[in-house]
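Asks: Attaching a single structure in structure tokens format; questions to follow.
The values are calculated or read from the model by the stated rules, or taken from the named source; none is laboratory data. Here the structure is a predicted model, which is why all the values come from computation and not from measurement. Cβ placement follows ideal geometry from the backbone for every residue including glycine, while neighbour counts extend to all protein chains displayed. With ligands, DNA and RNA removed, areas are computed over all heavy atoms of the protein, side chains included. Shrake-Rupley method; radii C 1.70, N 1.55, O 1.52, S 1.80 Å.
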Amino acid sequence: MAQGKVDAVVVGADRVVANGDTANKIGTFSHAVAAAAHGVPFFVAAPTTTLDAALATGEEIEIEQRPSEEVTHFKGQRVVVEGIHVWNPCFDVTPGRLVEGIITEEGVVPRESGSGSHKVAQFMAARHAAQKAAANGSAANAAAAPHATSSVSALDAAGVVAFLAARPDLAVRVGPPGSEGSWNVKEVGDGNINFVYIVTGASGGVCLKQALPFVRCVGEGWPLSQDRARIEAEALQLQHKLCPQHTPEVYLFEPSSAIIVMELLGSPATILRHAIVKGATFPHVGR
């Protein structure tokens, strides 16, 4: 950059929120700062499935910590003295003001010259309008907004509420009729394969999981079979039958949208992978 040999910087993203703040692997923020210092435009390239307009700013993104053993141990052996504390975050957050534009498969979300932020919510609203128009067979309305290339639409927070509210047997598990406006929806999927939403309300809550036909961080260029959702649903149903005290009950599996709605397990239940990453052991898990 200092020698003027870099024309632009393009990085990926794990999540982009409403103002353009971007969560990505550690070091992304450093690249953005270096690019800004040298007057080099910095872009984020990400599929629309990573855009999360439900979060206003990057301050709302929960940054998990990776195991301290990644720093303190080598081949299972401690290489630093006891008592050393480790800060090992999974990713960093780059402010939207440093991002020239967010490149998606359906167009670019530019940075606003005045506010320095990005209109991600408006971009997504236009995308949803196109999907709705296409579903209604309205070619005129579809042409006025970004075109959705996937045959399966990824649900956002509003879509999750609408999906559950339209199914009274599921909605009642979250809250009484008409309480949809008070429901809390949180997307907790931390991988590149599925969307996972926790929906809670006055009556309790449910977990909704949607399998998309492609890898989230790449887009439709890396297709995946949605039949994996059926396999997972059937496995969960069998596991719940055999071990209901440790496995969530599946309330609904909808093949057309690859959506699983299941029981929301509370503490001390946890995600097995998260516990293993933190170093927990489960000697009987194989049984």
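Asks: Only one of Ile259, Ile193, Ile198 is open to solvent by less than 20 Å² (accessible area, probe 1.4 Å) and touching a strand residue (DSSP E or B) at 6+ places or on another chain (Cβ under 9 Å); which? So that I can check it myself, show each step before the final result.
Replies: Details: Ile193 fails: open to solvent by less than 20 Å² (accessible area, probe 1.4 Å); Ile198 fails: open to solvent by less than 20 Å² (accessible area, probe 1.4 Å).
Selected residue: Ile259, the only one of Ile259, Ile193, Ile198 that is open to solvent by less than 20 Å² (accessible area, probe 1.4 Å) and touching a strand residue (DSSP E or B) at 6+ places or on another chain (Cβ under 9 Å).
Asks: A further question on this structure: Every residue in segment 258-275 that is among the charged types (D, E, K, R) and either part of a loop (DSSP other than H, G, I, E, B) or touching an Asp or Glu at 6+ places or on another chain (Cβ under 8 Å) (or both), please.
Replies: Answer for segment 258-275, where residues must be among the charged types (D, E, K, R) and either part of a loop (DSSP other than H, G, I, E, B) or touching an Asp or Glu at 6+ places or on another chain (Cβ under 8 Å) (or both): just Glu263.
Asks: If you go through segment 208-226 one residue at a time, do you hit one that is hydrophobic (A, V, I, L, M, F, W, C), surrounded by 11 or more Cβ atoms within 10 Å (Cβ to Cβ) and farther than 30 Å from Thr48 by Cβ?
Replies: No, that holds for no residue.
Asks: Looking for something aliphatic (A, V, I, L, M) and touching a residue at least 60 places away in the same chain (Cβ under 8 Å) - is there at least one such residue anywhere in segment 224-244?
Replies: no
Asks: Picking from Pro255, Pro248, which residue would you name as being in contact (Cβ under 8 Å) with a residue 40 or more places away in the chain and over 20 Å from the mean Cα position of the chain (by Cα)?
Replies: Matching residue, one of Pro255, Pro248: Pro248.
Asks: When you check Glu106 against the structure, is it of a type in the set (D, E, K, R) and within 25 Å of Ala154 (Cα to Cα), yes or no?
Replies: Considered against the rule, which asks whether it is of a type in the set (D, E, K, R) and within 25 Å of Ala154 (Cα to Cα), Glu106 comes out as yes.
Asks: Would you tally the residues in segment 60-82 being free of Cβ contacts under 8 Å to residues at least 24 places away in the same chain and open to solvent by 60 Å² or more (accessible area, probe 1.4 Å)? Walk me through it before giving the result.
Replies: Quick first cut of segment 60-82, residues free of Cβ contacts under 8 Å to residues at least 24 places away in the same chain only: 62, 68, 70-82.
With the extra rule that they be open to solvent by 60 Å² or more (accessible area, probe 1.4 Å), the set shrinks to 62, 70-71, 74-79, 81-82.
Qualifying residue count, segment 60-82: 11.
Asks: If you check His240 against the conditions, is it of a type outside the set (Val, Ile, Thr), over 24 Å from the mean Cα position of the chain (by Cα) and part of a loop (DSSP other than H, G, I, E, B)?
Replies: Criteria not met by His240.
Asks: Kindly indicate whether Pro89 is buried (at least 17 other Cβ atoms within 10 Å of the Cβ) and under 21 Å from the mean Cα position of the chain (by Cα).
Replies: no
Asks: For segment 95-113, name all the residues that are surrounded by fewer than 21 Cβ atoms within 10 Å (Cβ to Cβ) and hydroxyl-bearing (Ser, Thr, Tyr).
Replies: Ser113
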